[in-house]
1. Full extension from residue 171 to residue 248: what is 0.36 nm times the residue separation minus their Cα-Cα distance, to one decimal in nm?
2. From the list [x] 19.4; [y] 21.3; [z] 20.7, can you say which value of Kirkwood radius over Cα pairs in Å was derived from the structure given?
3. Identify the GluC sites (Glu not before Pro) of the stretch 88-170 meeting these criteria: DSSP loop state and at most 10 other C-beta atoms within 10 Å of the C-beta.
4. Which far-off residues, 5 or more places away or on another chain, put their amide H under 5 Å from the one on residue 228, with H placed in the peptide plane?
5. Can you work out ³J(HN,Hα) from phi for every residue in the stretch 2-14, in order, using Karplus 6.51 cos²θ - 1.76 cosθ + 1.60 and θ = phi - 60°, giving whole Hz and x for Gly and Pro?
6. Sorted from largest down, what three extents in whole angstroms do the Cα atoms of the stretch 122-281 have along their principal axes?
7. Placing +1 at every Lys and Arg Cβ and -1 at every Asp and Glu Cβ, with all other atoms neutral, what dipole size does the chain have around its Cα centre, in debye to the nearest 20?
8. Given Cβ point charges of +1 (Lys, Arg) and -1 (Asp, Glu) and nothing else, what value in debye, to the nearest 20, does the dipole of the stretch 146-267 about its Cα centre take?
Amino acid sequence: MQTFLPYPDFARSARVLDRKRLGKQRVETLQVLRAATVPGYGWYRHPATAMWAGHVPALVAYGRAMVDEWTARGGADSTGWQIREFAPEAWDRAPDDDVAPPPPWLGDEAFHRSHRSNLLRKDEELYRAVFPGDPAGLDYVWPVPAEGRTPPAEPPHGRRAWVLAPGAHEAAGGAVVVPFRVPDGVRESHWVQAVARVEEELREGEPVLLLHGPPGPEQVVERTVLGENVHHAVGGFSLELERGDRVLRRDLPAPARLQSPRPVFAVPAEAVGADPGAPRV
């Protein structure tokens with residue numbers, strides 16, 4: 001995993017990348033963003049994640065440069081809206097606006113030279129004309145990560161809202177059922193874990209968000225509150241929910257929090273505009 005930066009300038013870096021690597025940078029930007037912020041996503045300790053720690057807006061601006069160049073070359077894109085969710089203000093900035101604060105390693109010639117060298121190693125025939133004065137095969141220069149980094153974690157009782165992805169919930173009369181059977185497109189191991197969390201961790205009075213439809217800025221988010229503790233029903237666990245409102249995903253305070261790969265997960269209540277209340281015992 002790598003976010004290639006042969007130059008300090010994001011747009012200039014994007015322009016010199018070959019199509020294969022340019023396309024991959026969009027995906028890897030999204031992976032690093034999720035690794036840094038989504039609990040349980042993985043890749044947190046990878047040096048490509050560590051070097052961007054504390055600089056999410058700058059990474060979003062980098063992703064924007066890669067997406068812009070990719071689409072300018074005629075490529076179709078599905079990553080842009082997902083990258084934007086992590087820092088809309090950085091994505092929406094004017095091209096000549098600075099991203100503050102930039103990572104401290106941005107502009108370090110040894111760092112950028114190592115990226116040019118590794119691009120030469122990957123395809124010397126293509127990149128020799130682009131980087132005529134650089135050697136091939138240097139080791140990557142990995143910036144030292146900031147001290148005190150801790151992996152992203154779910155919030156505790158009293159500060160969280162639960163999220164049920166599409167497929168993780170079904171209407172059943174006036175209630176919502178989390179089915180025992182594994183939904184389409186969900187790993188069995190993830191679903192076993194999700195069902196166990198519903199039974200063991202959801203508490204009366206906690207906010208529960210039901211996601212409807214495919215992911216995207218227009219995805220409908222139904223905000224509810226668990227009216228009483230979870231109980232068994234035919235084919236699943238039944239949730240008696242006190243209905244709240246419906247909003248579009250794009251209108252949430254921090255919609256990127258919904259990018260977990262898990263079908264059932266918890267997010268900070270304030271990130272989705274929910275009142276955590278006081279869970280009843």
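Every number here is computed from the coordinates shown, using simple stated rules; none is lab data. Computed from a predicted model, the values in this text were never measured in an experiment. Here the Cβ positions follow ideal geometry from the backbone for every residue, glycine too, while neighbour counts run over all protein chains shown.
1. Extra length available between residue 171 and residue 248 comes to 25.7 nm.
2. [z]
3. Answer by residue number: 147.
4. Those qualifying (amide H under 5 Å, at least 5 residues apart or on another chain) are 205, 240.
5. Calculated HN-Hα couplings, in order: 7, 10, 5, 9, x, 9, x, 7, 5, 5, 5, 4, 4 Hz.
6. Sorted largest first, the three principal extents are 69, 35, 29 Å.
7. With Lys and Arg at +1 and Asp and Glu at -1, about 640 debye.
8. Charge dipole, the stretch 146-267, about its Cα centre: 380 debye, nearest 20.
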